[in-house]
Amino acid sequence: MSWLNDSKDLAAVRVEIVLAVIGVAVLLLSGCAGLQPSRPEPAVQVPPQTTAQEVVVAKPATRPQVTPEPLPEPPARPPAPPVNDTVLALLSDADALASAGNLDAAAANLERAIRIDPRNARLWNRLAHIRLKQGRYAQAASLAAKSSSLAAGDSALLNDNRAIIGQARMLRR
């Protein structure tokens, strides 16, 4: 215990302990440094030297030509469903009444025919024409749209319905 009392010896022991700790730390850190994967240095590319006569012209990017595929043929128009004789009579009377200028009676006949055959697109179209003549533009457009929803490939009827809707929109302004 006498060596602990000597302050010079105590200082020397402390220095030795500190050096030993630092030495162990250095060994540990140097051992860990070897475990890191080495990264390759990035390659630096130097552009080739160009002379004043060498000029590079970039072509503008062009879009590839896309040719749309033709639309498939529309399905064949289904055969017209058989028309009820009563519906034919009401339609004939409605045409005669409309030609005579009695649009209200013609519309009433067409509405009765629609109650009998509500899936008949031609009846809705005829009523749309009557409503257009009466100045009921919103109703005419609505009836033409209903006719179009039932037209099932009848391009002439669809075109006529589009014309009615276009006229109704134009006249409504």
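Every number here is computed from the coordinates shown, using simple stated rules; none is lab data. Because the structure is predicted, anything quoted here is derived from the model rather than measured. Reconstructed Cβ throughout: ideal geometry from the backbone, glycine too, with neighbour counts over all protein chains shown.
For region 85-172, with equal point scatterers placed on the C-alpha atoms only and solvent neglected, what are the log10 I(q)/I(0) values from the Debye formula at q = 0.16, 0.24 1/Å, to two decimals?
-0.56, -1.17
Place the peptides 124-130, 145-151, 156-162, 61-67 in order of packing, highest mean first, counting for every residue the other Cβ atoms within 10 Å and averaging per peptide.
124-130, 145-151, 156-162, 61-67
Net charge around Q134, counting only other residues with Cβ within less than 14 Å of its Cβ (Lys, Arg = +1; Asp, Glu = -1)?
Residues close to Q134 contribute a combined charge of +3.
Treat the count of other C-beta atoms within 10 Å as a stand-in for reagent exposure and order I164, I17 from fewest to most.
Sorted ascending by nearby Cβ count, the order is I17, I164.
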